[in-house]
Amino acid sequence: MARVVITGGAGFLGSHLADELLGRGDEVVAIDNLSTGNNANIEHLLALPGFTFVEHDVSKYVWVPGGVDAVLHFASPASPVDYLKLPIQTLKVGSLGTHNTLGLAKAKGATYFLASTSEVYGDPQVHPQTEGYWGNVNPVGPRGVYDEAKRFSEAMTMAYHRSHGIDTRIVRIFNTYGPRMRLDDGRVVSNFIVQALKGDPLTIFGDGCQTRSFCFVEDEVRGLIALLDSEEHHPVNLGNPNEFTIRELAEIVLEVTGSSSVIEHRPLPTDDPTQRQPDITRARDLLDWEPQVQLREGVERTVAYFRSIV
Ligand code: UDP
């Protein structure tokens, strides 16, 4: 049993993590400023004795009374649409928020767990991406606000590990999808499913030949907890290595939903990565972790969720 602080605890991943940790008997303190998080994700937890919710922006000083065993820093706008809308907040939560939450972990003698991202690889010139690849990021492009904030947060986490001896973890999360994604977060999986269910055109950006590798949230969270329970300080990729073009994803969504939506092409966003696939050798070796839910099944389960809220 542990007492765990989750920043971004009302978000997509943070709330699933809270469920899993509470399920195994841990106490959870969820902190969220609800800028992209959603109360509905944690409504079912509010009455549980092991769960506390604090509405707070971790870019500002953070304090949690009592003992803390682990601090999981998941707070950040994380979809391109969200971080392009909130560029300065994204830079602040990745930099100041990381510094503040590392300070909390240091004060409590807690393990620190940083949610980093495949975006640290930018538009990768090495494929698939191994943790040893340093990336190809445009620091001054619109996506730089997220990519550089996360790159800074990794550097800060390693500095606290090396200088203060903090027990740290860094996960690089690749595209993850599933129930509790926001309808309007702008990500490709949520966009396509909502468009298909409404009979609206599916919006493919560019020619749709760019690739992503999509991990179902249940697999991702199992990997996150395995990493938390490990002793690995260096970054670990967690994602599903099965790679699809965006066009293939659109076809799967149309098949699963039975929708007759047409496809419309829109301009490709600036610096949109052309390919992305995690090399998960380290996760396999260190955590004995492997995704189990394949794209079609994951899309079916996500469609069922969206049908219940659209
Ligand atoms: N995309 C798309 N249509 C949409 C939303 C996104 O074609 O309605 C594309 C986007 O250009 C990118 C990929 O889908 O190539 C994944 O985009 P997403 O926003 O989900 O996340 P990213 O992997 O870019 O962070």
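Readers should treat all values here as calculations from the given coordinates under stated rules, not as data from a laboratory. Being a predicted model, the structure only gives us computed values, none of them experimental. Cβ coordinates were reconstructed from backbone atoms using ideal geometry, including for glycine residues, and neighbour counts include every protein chain displayed.
Before moving on, here are some points about what is shown:
- In summary, the lysines within cross-link reach of residue 150, defined as a Cα separation below 25 angstrom excluding same-chain residues under 8 places away, comprise 60, 85, 92, 106, 108.
- Ellipsoid equivalent to region 62-208 - semi-axes via the Cα gyration tensor, in Å: 31, 19, 13
- Here the label points at residue 47 and residue 2, each 7 Å from Cα along the C-beta direction, are separated by 2.9 nm in the simple model.
- Taking a point 7 Å out from the Cα of residue 230 in the direction of its Cβ, the residues of region 93-123 whose backbone N falls within less than 19 Å of it are 111-121.
- Based on the Stokes-Einstein relation at 37 °C and a viscosity of 0.692 mPa s, and on the Kirkwood radius from alpha carbon pairs, region 171-310 is assigned a translational diffusion coefficient of 209 µm²/s.
- Rounded Å value of the spacing that divides the Cα centres of region 101-180 and region 235-282: 22 Å
- Shape box of the chain [Cα atoms, principal axes, largest first, Å]: 55, 44, 38
- Paramagnetic reach from residue 284 in region 237-253 [backbone N under 11 Å; point 7 Å along Cα→Cβ]: 241
- FRET efficiency, 1/(1 + (r/R0)^6) with R0 45 Å, evaluated for residue 163 and residue 297 via beta carbons: 0.50
- The local environment of residue 53, defined by Cβ-Cβ distances under 12 Å, has a net charge of -3 under the rule Lys, Arg +1 and Asp, Glu -1.
- Compared with the direct C-alpha span, the chain from residue 183 to residue 61 gains 40.8 nm at full extension, assuming 0.36 nm per residue.
- Percent antiparallel among DSSP beta bridges (both partners in the chain, rounded to 5): 10 percent
- Segments 222-233, 25-36 sorted - mean Cβ within 10 Å per residue, highest first: 25-36, 222-233
- Nearest-0.05 FRET efficiency for residue 140 and residue 304, computed from C-beta distance (R0 30 Å): 0.15
- Between 0 and 90 degrees, the angle of helix 144-164 with respect to the longest Cα principal axis of the chain falls at about 30 degrees.
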